[in-house]
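See below for the structure under consideration.
The values are calculated or read from the model by the stated rules, or taken from the named source; none is laboratory data. These numbers come from a predicted model, not from an experiment. Note: ideal-geometry Cβ built from the backbone for every residue, glycine included; neighbour counts use all protein chains shown.
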Amino acid sequence: MRKPASMWSLETLGRVRLSKYFYMREFLYSEIGNIHRIPNIPTDPDLAIRRGRAFCEELLDPLEETFGRVAVRSGYRSPELNAFGNENRLNCARNDYPLECHIWDFADVEVAGASIVIPWFADQYEQGRDWRDLAYWLYDHVLFAEIWFFPKLCAFNISWRPDPARRIDSYIAPKGTLLKAKSSPVEALDMRQARYLDFPKFCGLIRA
């Protein structure tokens with residue numbers, strides 16, 4: 001078993017600022033780790049930080065600028081923690097699953113992601129708003145790799161990769177794939193825009 005980092009080194013890691021709004025510490029919290037006493041510590045902290053910075057700067061900061069508070073539900077997971085969660089059916093994909101985004105420090109898999117909630121939209125979703133309104137807004141404004149929506153709070157996994165495939169899937173009805181990787185939406189731009197006319201003004205800069 002990997003030797004745990006010292007309290008001081010883990011505290012130092014948690015204080016690393018990844019972007020304007022996010023620090024590493026909020027991505028290290030894990031209910032699975034706490035309950036089952038599995039340290040959630042990166043194998044390669046430098047690599048995790050580097051990918052985490054790209055993820056936060058390119059995806060999460062624009063969301064926070066636009067909607068206000070973005071809540072992190074599940075961020076980084078160590079390979080040991082994620083494997084335990086998968087083996088025990090704790091809503092973790094297997095480590096080698098192509099869309100797994102929580103393990104930020106596999107040398108040959110360039111990805112960083114998290115499960116997040118946007119409270120501004122979650123309140124409306126609880127009143128019956130269509131999750132696809134947010135899905136299409138995300139497609140039209142940020143360069144994500146993959147997004148996967150979940151029924152509780154309209155939480156969604158969102159991931160960064162150097163070559164964003166722009167895939168959208170959902171466990172919320174209508175379930176399945178809304179947008180295949182590197183394909184165009186079924187709905188035209190004017191139809192998509194009509195869905196989110198009441199959204200706050202976008203406060204980020206999409207980079208093609």
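Looking across the range 27-66, the residues that are in a loop (DSSP other than H, G, I, E, B), under 13 Å from Asp105 (Cα atoms), of a type outside the set (Asp, Glu) and in contact (Cβ under 8 Å) with a residue 40 or more places away in the chain come down to Asn40, Pro42, Thr43. Can you go through Trp120, Trp160 and tell me which one is among the hydrophobic types (A, V, I, L, M, F, W, C) and surrounded by fewer than 20 Cβ atoms within 10 Å (Cβ to Cβ)? Matching residue, one of Trp120, Trp160: Trp120.
Would you check if Ala208 is farther than 18 Å from Gln124 by Cβ, exposed (fewer than 11 other Cβ atoms within 10 Å of the Cβ) and modelled with pLDDT of 95 or more? In short, no. The C-beta contact set for the range 176-200 (first residue over 13 Å from Leu138 (Cα atoms), second residue modelled with pLDDT of 95 or more, distance under 6 angstrom, 6+ apart or interchain) comprises Thr177/Asp169; Ala181/Ala165; Ala181/Arg167; Lys182/Ala165. Being in a loop (DSSP other than H, G, I, E, B), within 19 Å of Ala155 (Cβ to Cβ) and touching a strand residue (DSSP E or B) at 6+ places or on another chain (Cβ under 7 Å) holds for only one residue in Ile168, Ile172, and it is Ile172.
Checking the stated criteria, Ala83 turns out to be of a type in the set (A, V, I, L, M) and over 17 Å from the mean Cα position of the chain (by Cα).
Residues satisfying the criterion are present in the range 43-66 (criterion: closer than 17 Å to Val117 by Cα, over 14 Å from the mean Cα position of the chain (by Cα) and surrounded by fewer than 20 Cβ atoms within 10 Å (Cβ to Cβ)).
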